[in-house]
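Notes follow the structure.
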Amino acid sequence: AITMFKGSGIMDGLAREVCQNSLDAKNKDLGPDVPVKVKFKLVEIHKSDFPMFEGYQEALTNSINYWESSPLKTPKIMEFLENVQTALNKENIPMLVMSDYNTVGLNGVNADIDNGEKSFWDLLVNTEGISIKQDDNSAGSFGIGKNAPFAYSALNLVFYNTLAQDGGRAFEGVTRLVTSQRNYNGSMRRTQSIGKYLYLEDEFTGRPILPTDDCPLANIDAFKRTETGTDVAIVGFKQEDYDDWENLTAIAVIKNFILSIHLGKLEVSITSPKRNFEINKSNIEDLLFNTFKDIQQLKFTRQIYETLTKGQLKKVQIAEKDDLSIYTKYEDNYSQSLSRFRSTGMLINTTAES
């Protein structure tokens, strides 16, 4: 599932999954004129400030030792572990934090799951093979998209943080490594491949880290929230593979969410020490036809935008009144194409004649 989203120099998978999930989590109480806001921000954390990384190093060392002596050892597994170790050797760990606002966050932090209470926090952080949508009208299938952030982490490590509409606050880390080993009652036992950074109530029971636990990592500025929403942080962000990530993310957002942006449903900001972007309804035209005018990936996006703003609109009924909007525009210099969008304004696909 993680490999699905891997591709050096491409931010499409991450931008699509993050913005789609945020649009699906829109706080409906705010009304249709209030956009969902998503912020991508690159920060650094100092490894020596947080004991968690010592525990992570211990788990990684155990993994390396286990596979070094395993008859199933392969060059691919060892290369993967060596790359993780190289990333962990750095004192300054880059972290790409993706935060949404005007959303409901992840409700159910304090839910009693054993007694049938629903927890969207648990669905995101602790489950596999199920979608995490909080709205019955949201798009989603098997929850594969939650793996996208791991593809961009050299440590295969992601932090989750939320302030939810139901008042719940929580923080937790998840790493997806390999089968490892650890000492248990004097002997080395095999472990599962998924590790958690959480609060241990006893040897076998963990829960999310809460504000009352006074966790140093959960208290850094990137995770301090006064508004409802969710933060997903890629720890050990692969800057070497995505050196131009700011431009790549902006292009991916525009290409995949041109309709959401044009309709005022989505605003995105991208911030790093090198470059800043603001993407919204008022400046999308300037970005398309000036800032990114030479980007071939946006060829059809420019055509779509002109169709939305200068074309003809027809509304028809499939199941309910006006549930399908069709925009059309003809120009001699256009490539014949058809683009389909979800109701949130996210691009599904574009088919075109060559």
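The values are calculated or read from the model by the stated rules, or taken from the named source; none is laboratory data. Because the structure is predicted, anything quoted here is derived from the model rather than measured. Please note: Cβ atoms are built from the backbone with ideal geometry, for glycine as well, and neighbour counts cover all protein chains shown. Surface accessibility is based on the protein's heavy atoms, side chains included, excluding ligands, DNA and RNA. Shrake-Rupley method; radii C 1.70, N 1.55, O 1.52, S 1.80 Å.
Do we have any residue at all in the range 183-191 that's of a type outside the set (G, A, S), within 16 Å of L60 (Cα to Cα) and either within 18 Å of the chain's Cα centre (by Cα) or assigned to a loop (DSSP other than H, G, I, E, B) (or both)? Steps first, answer last, please.
Within the range 183-191, the first condition is being of a type outside the set (G, A, S), and the residues that meet it are 183-185, 188-191.
Still in the list and also within 16 Å of L60 (Cα to Cα): 183, 188-191.
Then drop every residue that is not either within 18 Å of the chain's Cα centre (by Cα) or assigned to a loop (DSSP other than H, G, I, E, B) (or both), which leaves 191.
Yes, because at least one residue in the range 183-191 is of a type outside the set (G, A, S), within 16 Å of L60 (Cα to Cα) and either within 18 Å of the chain's Cα centre (by Cα) or assigned to a loop (DSSP other than H, G, I, E, B) (or both).
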Looking only at the range 294-328, count every residue that is open to solvent by less than 70 Å² (accessible area, probe 1.4 Å), touching a Ser or Thr at 6+ places or on another chain (Cβ under 8 Å) and of a type in the set (K, R) and tell me the total. 0
Go through (1) under 28 Å from K37 (Cβ atoms); (2) without any contact (Cβ under 8 Å) to a residue 24 or more places away in the chain; (3) part of a strand (DSSP E or B); (4) polar (S, T, N, Q) for T307 and report which single condition fails. (3)
Residues satisfying the stated conditions in the range 310-354, i.e. in a strand (DSSP E or B), over 28 Å from L14 (Cβ atoms) and of a type outside the set (S, T, Y): Q312, L313, K314, K315, V316, L324, I326
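Being modelled with pLDDT of 95 or more, out of contact with any Lys or Arg (no Cβ under 9 Å at 6 or more places or on another chain) and under 30 Å from S70 (Cα atoms) is true for just one of V174, V158, V178, V235. Which residue is that? Break it down stepwise before answering.
Details: V174 fails: out of contact with any Lys or Arg (no Cβ under 9 Å at 6 or more places or on another chain); V158 fails: out of contact with any Lys or Arg (no Cβ under 9 Å at 6 or more places or on another chain); V178 fails: modelled with pLDDT of 95 or more.
The match here is V235.
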Please specify each residue of the range 132-155 satisfying the condition of being at pLDDT 90 or above and under 16 Å from V109 (Cα atoms). none
List the number of the failed condition for E246; all other conditions in (1) open to solvent by 70 Å² or more (accessible area, probe 1.4 Å); (2) over 30 Å from G167 (Cβ atoms); (3) of a type in the set (D, E) hold. (1)
